[in-house]
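Here the structure comes first, spelled out in structure tokens, and everything after it is commentary.
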Amino acid sequence: MHFLTFLFISATLAHEIVGQYVFYGNYIHSVNITTLEYITDGVIVVDAAGKITQVEKSSSESEAKLIAHNHGVNLTQLDNHKFIMPGLIDTHIHAPQYVFTGSGMDLQLLEWLENYTFPREAQFNNTKYATMAYNLAVGAKCLYCRLWI
Ligand SMILES: *[C@@H]1O[C@H](CO)[C@@H](O)[C@H](O)[C@H]1NC(C)=O
Ligand SMILES: *[C@@H]1O[C@H](CO)[C@@H](O)[C@H](O)[C@H]1NC(C)=O
Ligand SMILES: *[C@@H]1O[C@H](CO)[C@@H](O)[C@H](O)[C@H]1NC(C)=O
Ligand SMILES: *[C@@H]1O[C@H](CO)[C@@H](O)[C@H](O)[C@H]1NC(C)=O
């Protein structure tokens, strides 16, 4: 099992490429905490739900095409200036803070907590607000999120 299987593209991009894909070309990922592996002739199979189901290295172009053919898709061949890597993405969110995501990014933590977080979190004493906020947080946007409520 490779680290690569965790997540290889941002959630945003994942929305754009939903569908089954077989990629052929360069990828780079970490084998463990000290070692990166750089593969120049790799195959990555992504299923219709966006999950990586197969990873190969040292594949010829015809082998890659055969894998794509067996999955009923055209091979997506990366040119040599492109590579795939695991997404450097924080995949957790705090559900009560979801409604003001991205607000006050210029503030220091304490100011941000006092001016954005604490007032909004206080609103959760209202069940209508809580229902709305959690529905938004748990909605489709949370495809890849671990939710901390
Ligand atoms: C990481 O993997 C490399 C290559 O297999 C190995 O040489 C190295 O000892 C490993 N390091 C750790 C911390 O496991
Ligand atoms: C593969 O590419 C060909 C040529 O562009 C196209 O006609 C065909 O529909 C594609 N097949 C799939 C499964 O996307
Ligand atoms: C944060 O809120 C306090 C109190 O309402 C206010 O005095 C302060 O100017 C605000 N700070 C920022 C950076 O908006
Ligand atoms: C909820 O908390 C807010 C902010 O502390 C307060 O103004 C409001 O009266 C509270 N509402 C209820 C229904 O307790």
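Some values worked out for this structure:
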| read-out | value |
| --- | --- |
| Asn74 being touching a helix residue (DSSP H, G or I) at 6+ places or on another chain (Cβ under 8 Å) and under 30 Å from Ala48 (Cβ atoms) | yes |
| The stretch 35-71, residues that are open to solvent by 30 Å² or more (accessible area, probe 1.4 Å) and assigned to a loop (DSSP other than H, G, I, E, B) | Thr35, Asp47, Ala48, Ala49, Lys51, Lys57, Ser58, Ser60, His71 |
| Ile93 of a type in the set (Val, Ile, Thr), closer than 26 Å to Glu37 by Cβ and either without any contact (Cβ under 8 Å) to a residue 24 or more places away in the chain or more than 16 Å from ligand 3 (Cβ to nearest atom) (or both) | no |
| Cβ pairs under 7 Å, 6+ apart, first in the stretch 50-79 and closer than 14 Å to Ile39 by Cβ, second part of a loop (DSSP other than H, G, I, E, B) | Ile52/Phe8; Val55/His2 |
| Any hit, the stretch 133-143, residues being more than 16 Å from ligand 1 (Cβ to nearest atom), modelled with pLDDT of 90 or more and open to solvent by 70 Å² or more (accessible area, probe 1.4 Å) | no |
| Filter pass, Val99 being touching a residue at least 24 places away in the same chain (Cβ under 8 Å) and assigned to a helix (DSSP H, G or I) | yes |
| So Glu111, is it part of a helix (DSSP H, G or I), open to solvent by less than 80 Å² (accessible area, probe 1.4 Å) and charged (D, E, K, R) | no |
| Of all residues making up the stretch 60-84, the number that are of a type in the set (Ser, Thr, Tyr) and touching a Phe, Trp or Tyr at 6+ places or on another chain (Cβ under 7 Å) | 1 |
| Test: residue in the stretch 82-90 that is at pLDDT 90 or above, exposed (fewer than 13 other Cβ atoms within 10 Å of the Cβ) and under 30 Å from Ile44 (Cβ atoms) | yes |
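The values are calculated or read from the model by the stated rules, or taken from the named source; none is laboratory data. Predicted, not measured: the structure shown is a model, and the values here were computed from it. Neighbour counts are summed over all protein chains in view; Cβ atoms, including those assigned to glycine, are modelled from backbone coordinates with ideal geometry. For the accessible areas, the whole protein counts, side chains as well, though only heavy atoms, and no ligand, DNA or RNA atoms are used. Shrake-Rupley method; radii C 1.70, N 1.55, O 1.52, S 1.80 Å.
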